[in-house]
Amino acid sequence: MEPHDRSVDRLKGRRGGAAETRRPPARALVVLPVVRGAGDGEGPETRTAEGRLAEAAGLAEAVNVAVLGRILVPLRKTVPATLMGSGKVEEIAALVRIHDAELVVVDHPVTPVQQRNLEKAWSAKVLDRTGLILEIFGDRAHTKEGRLQVELAHLNYQKSRLVRSWTHLERQRGGFGFLGGPGETQIEADRRVIQTRIRAIEKELASVRNMRQVHRAKRKSVPQPVLALVGYTNAGKSTLFNRLTGADVLAKHMLFATLDPTLRRVKLPHGEEVIVSDTVGFISELPTTLVAAFRATLEEVIEADVILHVRDIAAPETEAQAADVVAVLRELGVDPEAPGRIIEVWNKIDQLNPEASEALKRKADGAEPKAVPVSATTGEGVDDLLATIEAVLLGSRLTVTLDLTPEQAGQAPWLYENAEVLDRSTDAGSGATRLVVRIPEKRMKSFQDWLRRTGAAASVRSG
């Protein structure tokens, strides 16, 4: 039986029902080619080869795959036809036979020609990093919007492969669940058909984007700040989200457990409410097709008043992961160095020994951007995080002293609805009212309009 056919038996339609999810996972090898001179292991923001290989294995295990072996392949340079040299190709072919593997995950970009040649040499399905992440996203997305976004990214990824490297079997490679091999998708090898589907999805997503803009406009009409949780995949964003909001969003030790964004309200220490958004996790070398496809979702991050960058501070490569998140934020047009825009949440301090935890807390004092050590699992540090969020939000507001005549005082209810009234006093003789109010930044234009309408005298100071 061809390896593709075995893949169909094991993986075809695994989203379709409980009977299929009980089938044994696909047997796989994970291969990490490391090109010499690429800077591996150098500098605080660069991953070790072992760390990258472990992450690749974790990606494979995130879907219906059993990793039977991990192989590190040092390369002087890549080979156009097969990515790696013939000797290493033959060595891996032997391991495929020994393990009876039906899938080889190559944690490196693989061209259509390389994929075809390697599949022929190994008699097994080959999946590169982008293809594997797309497979995970296809498995995790549950809402209509999420499925559309993943399908769009997948079709853009497969478009050139369906055109340039077809064989009889490869003509049926496209679509979701492409670990499953031929016969699984309805997309025939036709560029025009794929492009038509892409245009249809883009049209639907444009409608979704417009709807999100309407919802954001409604949120902006009330003085509730928006916080967005971002971070490397599996950093604990959903666990923290649940801790802050009391929600029950899926939170597992699993890569990309969250794809579909969720919004909830959270009350800060002094009673003000904020809206918190949980978002998809980032990862190194996140395919640009996915960043583009999920842009409608990630606009929640772009529009947020404050971004909570959740870091797995116990991970050996936390600095490299943080650098990857910052890179994606820049790609989205977010300036990570903007004052007060980002708070780093150093999560999982419960996994550190007491000495390391105390040292980390001392390091967080005075860190820039602001940093708060927490454990989303135990709740340690969460109160400090809420207080920090409140301080950052208040720091971006203006405190205004208003002197109102008795006639102008009739317009004061607008201030109670749209600002925070800190103090009020009335002169018994003149009937004049003095109000001290704090204005949210997003309400400043409306406040200026209110001042023009009422003609009230105002003195403004920061704080």
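Details
- Every condition in (1) assigned by TED's automatic domain parsing to the domain that holds Arg453; (2) touching a Phe, Trp or Tyr at 6+ places or on another chain (Cβ under 6 Å) is met by Ala371 except one, and the failing one is (1).
- Residue in region 359-368 that is touching a residue at least 24 places away in the same chain (Cβ under 8 Å) and assigned by TED's automatic domain parsing to the domain that holds Pro269 present: yes
- Residue in region 443-452 that is without any contact (Cβ under 8 Å) to a residue 60 or more places away in the chain, assigned to a loop (DSSP other than H, G, I, E, B), surrounded by 12 or more Cβ atoms within 10 Å (Cβ to Cβ) and on the phi < 0 side of the Ramachandran plot present: no
- Checking each residue in region 392-432 for being of a type in the set (Ser, Thr, Tyr) and either farther than 12 Å from Ala458 by Cα or outside any strand (DSSP E or B) (or both) picks out Ser396, Thr405, Tyr416, Ser425, Thr426, Ser430.
- Any pair with Cβ under 6 angstrom, 6 or more apart, that starts in region 391-420 at a residue that is under 22 Å from Asp305 (Cβ atoms) and ends at one that is part of a helix (DSSP H, G or I): Ser396/Glu441; Trp414/Trp450; Asn418/Arg443
- In region 338-362, residue surrounded by the fewest Cβ atoms within 10 Å (Cβ to Cβ) [restricted to those that are assigned to a loop (DSSP other than H, G, I, E, B) and in contact with a helix residue (DSSP H, G or I) (Cβ under 8 Å, 6 or more places away or on another chain)]: Gly340
- Among (1) touching a Gly at 6+ places or on another chain (Cβ under 9 Å); (2) surrounded by 15 or more Cβ atoms within 10 Å (Cβ to Cβ); (3) within 18 Å of His270 (Cβ to Cβ); (4) of a type outside the set (Ser, Thr, Tyr) - the single one Ala409 does not satisfy: (3)
- Restricting attention to region 363-381 and to residues that are among the β-branched types (Val, Ile, Thr) and part of a loop (DSSP other than H, G, I, E, B), the residue that is surrounded by the most Cβ atoms within 10 Å (Cβ to Cβ) turns out to be Val374.
- The numbered conditions (1) part of a helix (DSSP H, G or I); (2) in contact (Cβ under 8 Å) with a residue 12 or more places away in the chain; (3) surrounded by fewer than 14 Cβ atoms within 10 Å (Cβ to Cβ); (4) not polar (S, T, N, Q) are all true for Leu329 except (3).
- Candidate set: region 317-326, residues that are among the charged types (D, E, K, R) and part of a helix (DSSP H, G or I); chosen: the one modelled with the lowest pLDDT: Asp324
- Single residue of Val400, Val436, Val460 found to be of a type in the set (Val, Ile, Thr) and touching an Asp or Glu at 6+ places or on another chain (Cβ under 8 Å): Val436
Quick grid of which residues meet (1) in contact with a strand residue (DSSP E or B) (Cβ under 9 Å, 6 or more places away or on another chain); (2) under 20 Å from Ala28 (Cα atoms); (3) surrounded by fewer than 17 Cβ atoms within 10 Å (Cβ to Cβ):
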residue	(1), (2), (3)
Ala66	yes, yes, yes
Arg76	yes, no, yes
Ser86	yes, no, yes
Glu90	no, yes, yes
Glu119	yes, yes, no
Trp122	yes, yes, no
Thr143	no, no, yes
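- Test: Gly13 is modelled with pLDDT under 90 and in contact with a helix residue (DSSP H, G or I) (Cβ under 6 Å, 6 or more places away or on another chain): yes
The values are calculated or read from the model by the stated rules, or taken from the named source; none is laboratory data. Being a predicted model, the structure only gives us computed values, none of them experimental. Glycine also receives a Cβ, built like all others from the backbone with ideal geometry; neighbour counts cover every protein chain displayed.
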